[in-house]
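J.: I am attaching a structure below and will ask some questions about it afterwards.
The values are calculated or read from the model by the stated rules, or taken from the named source; none is laboratory data. In this text the structure is predicted, and so the values were computed from the model without any measurement. All Cβ positions, glycine included, derive from the backbone under ideal geometry; neighbour counts span all protein chains shown. These accessible areas exclude ligands, DNA and RNA; they are computed on the full protein's heavy atoms, side chains included. Shrake-Rupley method; radii C 1.70, N 1.55, O 1.52, S 1.80 Å.
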Amino acid sequence: MKNTFRGGVHPISHKELTRDVPLRVLNAKGEMVFPLLQHIGKPAKPLVKKGDEVLAGQKIGEADGLISAHVISSCSGKVKAVEKRRVQNGQMVECIVVDNDGQYSRMEGIGVRQDISSLSKEEILRRIREAGIVGLGGAGFPTHVKLSPKNPDAIRYVIANGSECEPYLTGTDQLMRSQADSIAEGLSLMLRLFPNAEGVIVIEDNKPEAIEAMRKASAGNDKLSVLAAKAKYGQGGEKMLIETVAGINYPSSMLPAEVGCIVQNACTIYAIDRAVAYLEPLFTHTFTLTGDAVKTPGNFIVRDGMSFSELIEAAGGLKEGAVVKKAIVGGPIMGIAIPNLDVPIQKTSSGVALVTVDQSEVAASIMTSCLRCGRCTTVCPVGLLPQMLADAVQAGDLERYEKKLYGLECIQCGCCSYICPAKRPLTQTFMRTKAEILAQKRAAVGGKK
Amino acid sequence: MIILLTTLVITIIGIIVGYGLVYTGKKFHVEVDERETAVRECLPGNNCGACGFAGCDAMAAAIVSGQAPVNGCPVGGAPVAAKVAAIMGTTAEDVERKVAFVQCKGDCDVTHNQGNYVGIQDCRSAVFAGIPVTECSFGCLGFGSCVAACPHDAIHVINGVAVVHRMKCVGCGLCAKACPRSLIDLVPESKHVSVQCSSRDKGPLVKKVCTAGCIGCAMCVRQCEHDAIHVTDNLARVTYENCVQCGKCAEKCPSKVITLPLGFKKPEAST
Ligand code: SF4
Ligand code: SF4
Ligand code: SF4
Ligand code: SF4
């Protein structure tokens, strides 16, 4: 095992704002909003209607089809409406709105320790599915689907992603420090699904406390090991983790499972442990509130469904006189800027940074033509030539983009845009072009049918 | 002697190759509709692509196979249309010229953007990268991907929404292909009554984000005596074949989102 990957960048981490603030539970007061689509796949189907009483932990949305996930209520109260509301990515999505009674009465049986020594594989997967768990790293892919590869015996590595390489975010760090045993147990539970696999927990070396805690927790189990990776942005990407742990590079047409690896975020693994060992569905998660506009930045355990603005209020509000220029959910590099703070926190919201300077505005104002410096090429973790890709897009030559320059392999990590001294919007160009090419391909397939 | 032999050999080779060529020419002959060649002769040969096809050859093929109208070449105009029509056995007048129409009225006075988007100023870059930009999830972004696509300077972004210059528009449809929100439709030139909205959201939601959107109230449908306007998916659409341009629907529309001909006068009340 190496301890790093090729490429990557070193942005200022800003983690000092929150890295040593322990997790604190925050409860909401007002209405809670649960989007029926907070994962990749089909939206869930609502199981409740206006006027129904719900309890915390109750399934209120049923997964529709194979690639979909249940939606769980995080509070008790009365359903106020089932209607379209704006969500974090700016789209209008069908949501279940619950009038929170502030009691947080739970469904019976939730949080009671179970005997897990003799669970069958099917039962473990069933509990994960029932808990509505999706990848908490940001993408939101339904976890039970990811844990059901075609050939479970061929899996060699189950990788727990504790690298948290995005600047600002520290929730996973704190979770690993405080719940190391649970994460180790969750990882062993997953290893039961894959008899030939070993579990590797990858943590960047700028989190010595978390490494220490995880080492201690996994000491008794020789199938588990902790890998201290070099701190570098990009490490948390699935491909980079697999390159680091297994030394394998693979094309975008293949799934990680096809090269014998399964990657799960450490927070997801914690949720898996809670679901399997305590029958507790996913309705709370760690959340980092940070940025130079926040009075008391910190790490929290929040309930899904509360709005960002309410959370900021409950956590102590903004600094006096601070004007929020930008609110970025899920880390400043891969995350998205949200224009409106009155949207619900959802399963995949790992944190929000409220900043008083909009760097993208600055970048747009000083953008120039390409300087041919080649820095984008040296940092691209996939080994692409971003500058030539951008030229191909500008020339409208999608054929060259796809076939000659392998533009579809771009993982949209943002390293090239970050490093570019000319501040060219490279990553956005590739996001658009990839989406366009894939849409064309889908249309071609649809046309043939 | 050598010279004679050489001449003989060369002649024989020549004869064999010659027959071979004639044979392959016959064997691999591709039938070309002679009308296609004739139509191709009439077209200007600019290969500008303004018709929406990949050059004049493709356009000729499209006309013959009925995929393009006989007056589809904007460069050649009426004279070319007449010649092509003669070959195809129709008259150019049979096919009405179409112009582009932007089905969104959401300028900066009636609706707003979400947040402060400073990324690439291009509609396709924003939409395909998953950035919604506008409050309405159906509306015009106003970055002008259509403007960039138009070879005839016939569409412009005015106060945040794209507007077509009907006189300049040749109906090539390149803007319609460029718009990532599919807002642009091609309508017969003589038809001016259209619904200037594409929102399929329910009424209250539309009202929240835009004061000029179609709310699907179907008031227009009740006014129409010619079965020419219908509401599907919370959105009204005109059936141009039936519409007689009376403008009754527009009069009652609470959102004032139905367009009328320029200088339209209310018909005298017939009491
Ligand atoms: S965004 Fe794409 S091209 Fe740019 S560095 Fe990342 S993988 Fe490479
Ligand atoms: S980093 Fe920017 S300026 Fe340098 S080669 Fe790449 S695109 Fe050009
Ligand atoms: S009509 Fe479409 S392409 Fe033109 S500016 Fe509006 S959104 Fe962009
Ligand atoms: S009257 Fe106006 S708002 Fe109502 S359905 Fe017709 S076009 Fe839409």
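J.: From other protein chains only, count the Cβ atoms within 10 Å of every residue's Cβ in A:82-95, then give the mean.
T.: So the per-residue partner count for this stretch is 3.
J.: Could I ask something else about it? Calculate, for A:TYR250 and B:ALA82, the FRET efficiency according to 1/(1 + (r/R0)^6) with r their C-beta to C-beta distance and R0 51 Å; round to the nearest 0.05.
T.: After rounding to 0.05, the efficiency reads 0.25.
J.: What shape does region B:117-271 take by its C-alpha gyration tensor, where a ≥ b ≥ c are the square roots of the eigenvalues and a/c under 1.5 counts as rounded, a/b above b/c as prolate, and the rest as oblate?
T.: Oblate.
J.: Still on this structure: Put a dot 7 Å past each Cα toward the Cβ at A:ASN27 and B:THR24; how far apart are the dots in nm?
T.: Distance between the two pseudo-spin positions: 8.7 nm.
J.: Still on this structure: Ignoring ligands, DNA and RNA, what percent of the 1.4 Å accessible area of the protein assembly as shown is carbon and sulfur?
T.: 56 percent
J.: Give the residue from B:ILE215, B:ALA61, A:ASN89 lying farthest towards the positive end of the charge dipole for the protein assembly as shown; charges sit on Cβ (+1 for Lys and Arg, -1 for Asp and Glu) and the dipole is referred to the Cα centre.
T.: Most positive-ward Cα: B:ALA61.
J.: For B:ASN47 and A:GLU212, what is the calculated FRET efficiency with R₀ set at 41 Å and r taken between the beta-carbons, to the nearest 0.05?
T.: Working from the Cβ atoms, E equals 0.05.
J.: Over all residues in A:418-429, what is the mean tally of Cβ atoms on other chains that come within 10 Å of each residue's Cβ?
T.: For this peptide, the per-residue mean of nearby foreign Cβ atoms is 2.
J.: Taking a ≥ b ≥ c as the square roots of the Cα gyration tensor eigenvalues, with a/c under 1.5 meaning rounded and otherwise prolate when a/b beats b/c, else oblate, which class fits the protein assembly as shown?
T.: Since a/c reaches 1.5 but b/c is at least a/b, the shape of the protein assembly as shown is classed as oblate.
J.: In terms of the Cα gyration tensor, with a ≥ b ≥ c the square roots of its eigenvalues, is region A:198-264 rounded because a/c is under 1.5, prolate because a/b exceeds b/c, or oblate?
T.: Oblate is the answer for region A:198-264, as a/c is 1.5 or above yet b/c matches or exceeds a/b.
J.: For region B:34-88, what relative contact order do you get, as a whole percent, if you take Cα pairs closer than 8 Å and at least 6 residues apart?
T.: Value for region B:34-88: 35 percent.
J.: When chain A is treated as a GNM, springs tying every alpha-carbon pair under 10 Å, which of A:THR172, A:THR377, A:THR268 comes out with the largest mean-square fluctuation?
T.: A:THR377
J.: Moving to a separate point now. If a helix is a whole DSSP H run, which ones in chain B reach 30 Å or further along their own axis (Cα) and hold a mean Kyte-Doolittle hydropathy of at least 1.6?
T.: Qualifying helices: B:2-27.
J.: Can you work out the FRET efficiency for the pair B:THR6 and B:VAL32, with r the C-beta to C-beta distance and R0 = 35 Å, to the nearest 0.05?
T.: About 0.30, to the nearest 0.05.
J.: On to the next question. Given charges of +1 on the Cβ of Lys and Arg and -1 on the Cβ of Asp and Glu, with all other atoms neutral, how large is the dipole of the protein assembly as shown about its Cα centre, in debye to the nearest 20?
T.: Its charge dipole is roughly 280 debye.
J.: Could I ask something else about it? Restricting to DSSP H runs of at least four residues, report the calculated mean residue ellipticity at 222 nm for chain A, -39500 (n - 2.57) per run over all residues, nearest 500 deg cm²/dmol.
T.: Computed mean residue ellipticity for chain A: -8000 deg cm²/dmol.
J.: Between A:MET176, A:MET334, A:MET254, find the one with the highest GNM mean-square fluctuation for chain A; connect C-alpha pairs within less than 10 Å.
T.: Its mean-square fluctuation being the largest, the pick is A:MET254.
J.: Distance between Cα centroids, region B:140-155 to region B:22-86: provide it in whole Å.
T.: 28 Å
J.: Additional query: In percent, what relative contact order does region A:248-346 have, based on Cα pairs under 8 Å that are 6 or more apart in sequence?
T.: This gives 20 percent for region A:248-346.
J.: Do the sum for chain B: with -39,500 (n - 2.57) for every DSSP H run of n ≥ 4, divided by all residues, what is the mean residue ellipticity at 222 nm, to the nearest 500 deg cm²/dmol?
T.: Roughly -9000 deg cm²/dmol at 222 nm, from the helical runs in chain B.
J.: Let me ask something else. Which pairs break 23 Å Cα to Cα here: A:LYS15/A:LYS295; A:LYS404/A:LYS441; B:LYS98/B:LYS208; A:LYS121/A:LYS150; A:LYS2/A:LYS207?
T.: Violating the 23 Å Cα-Cα cut-off are B:LYS98/B:LYS208.
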